[in-house]
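Single-structure report; data block below.
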Amino acid sequence: MEAFRQEIIVGAVVVYMIFCVLTGLWAMRRTRNTSDFFIAGRGLGPIVVALALFSSTLSGFGFVGGPGLVYSIG
């Protein structure tokens, strides 16, 4: 396994890049206008919207609130 470490890493990166390109091409074919691009054609359910809201809130805390809290505590 150690002998093939570099090949495994390069292979994983290549597979990931191919996956990203294929996902982009698939999404490009489904996007017809700006509404489809920005709000997914209003096809997102409440669970997906809630998860996106939760993740953006946690991201804001992680980059702003968390370091500020740690700085104030010492």
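Okay, here's what the table says:
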{"item": "Segments classed as helices (runs of 4 or more DSSP H), wholly inside the chain, with at least 2 members that are loosely packed, with under 10 Cβ neighbours inside 10 Å and of a type in the set (D, E, K, R)", "result": "5-30"}
{"item": "Pair list, Cβ < 9 Å and 6+ apart or interchain, from region 31-54 residues that are of a type in the set (Lys, Arg) to residues that are in a helix (DSSP H, G or I)", "result": "32/41; 42/35"}
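The numbers here are math on the coordinates, done by the rules we state, and not lab data. From a predicted model like this one, the values you see are computed outputs, not experimental measurements. Quick reminder, even Gly has a Cβ in these numbers, built from the backbone with ideal geometry, and neighbours come from all protein chains shown.
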